Amino acid sequence: MTIGRAGKITRIDPLYGIPGGEVAIDCEGFDTRLPAECAVIFDDNVAQIVALGSRRVLAIVPESTRTGQVSVRLRAGEIESDPVQFTIAKKLVGDVHPVTNPAFDPDDGALFVTRSGSRGEELPVTLFRIDVAGEVSEYSGDIVNPTAIAFSDEGEMFVTSRLDGVVCKVNPFKEAVSFARNLGVATGLAFDRDGVMHVGDRTGTIYRVNGIGEEKNWADIEPSVSAFHLAFGPDDSLYVTGPTVTSFDTVRRINKDGEVDIFYKGLGRPQGLAFDTEGNLYVAASLRGRRGIVRISPDGTGAEVVVAGVNLVGLAFSAEGEMAVVSIDSVYSLPMQVHGTLLPR
């Protein structure tokens, strides 16, 4: 049966997505008189429709055998619209349990991600390495409940343990050696431009840690119900997210003197965050009910969802402009051609 027109797609928002994420498809003249005859198709995969209208459709990005650029079409009966390009993330690995950002090794471009597990759970492997060819290997099981990963300006890898309140240094022999202790529920981890380590204790403290592992209380903010996530911005301030019980959470900014203000307010469960070279801040969060990766302008006045996804907890940028995105159980890659800020080497 043929009915009316499939209309014209004028915009897809956002243009990048992870299977399970929700996208909005703006259109003209989509004939929806017979909803059962209407469909949204990503390549050859029919998507679940959340809301249907002649000018806008909300659909869920389907699981797909193809990743990267795919075509999206509207269908009304036997009539289809012209296709519009959309990019679906490539899944690199599943059955992991990240709780914040992954991290790229600045020396060889490999991506490191954790299997954190429930509190106190001892797993045989808790740290994985994904090389530039996409090969996944088991790296270490020495750290219980590993949380944040960060590389120093000398290329050394450090990992927090939220169970023990420590930061471990992982040496080239894959051995984890305790570097700093007494850090509470240690979650977030970041280095400033001078190479000074900062660690977030989700009960409300940001510590500065010197080169021999001595900690000092640097700033105090509202506790988080899950974790603190840290990233230094181009202004040398530390930006912090930490989900609370409210649905209108903030990104806090802490200047060099430890003074705290609000950079952006209005996110739902903000988690891992990272800056690009243009000064935009990317956060795994929800914005006005839409979930995914949110991009906030350098001045904090505007925000938009740029990657659709659910249960996302962090992200990182590779030297080649790939965005690695982690959910509560999987790692994905998106060819966004966005470059992140890197420490000087």
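The values are calculated or read from the model by the stated rules, or taken from the named source; none is laboratory data. Note that this is a predicted model, so its numbers are computed, not measured. Please note: Cβ atoms are built from the backbone with ideal geometry, for glycine as well, and neighbour counts cover all protein chains shown.
Here are the numbers:
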quantity: The lone exception for VAL72 - which of (1) outside the structural domain of HIS198 (by TED's automatic domain parsing); (2) surrounded by fewer than 19 Cβ atoms within 10 Å (Cβ to Cβ); (3) modelled with pLDDT of 95 or more it fails; calculated: (2)
quantity: Top-ranked residue of the stretch 231-280 - restricted to ones that are within 23 Å of PRO98 (Cβ to Cβ) and among the β-branched types (Val, Ile, Thr), ranked as surrounded by the most Cβ atoms within 10 Å (Cβ to Cβ); calculated: THR241
quantity: Residue match in the stretch 204-215 (condition: β-branched (Val, Ile, Thr), part of a strand (DSSP E or B) and more than 22 Å from the chain's Cα centre (by Cα)); calculated: yes
quantity: Options ASP142, ASP153; residue that is in the same structural domain as PRO98 (by TED's automatic domain parsing), of a type outside the set (Ser, Thr, Tyr), at pLDDT below 95 and in contact with a strand residue (DSSP E or B) (Cβ under 6 Å, 6 or more places away or on another chain); calculated: ASP142
quantity: Strands (runs of 3 or more DSSP E) within the stretch 57-149 that include 1 or more residues in contact with a helix residue (DSSP H, G or I) (Cβ under 9 Å, 6 or more places away or on another chain) and not polar (S, T, N, Q); calculated: 68-76
quantity: Residue among ALA319, ALA284 that alone is buried (at least 21 other Cβ atoms within 10 Å of the Cβ), closer than 30 Å to ASP131 by Cβ and in the same structural domain as PHE228 (by TED's automatic domain parsing); calculated: ALA284
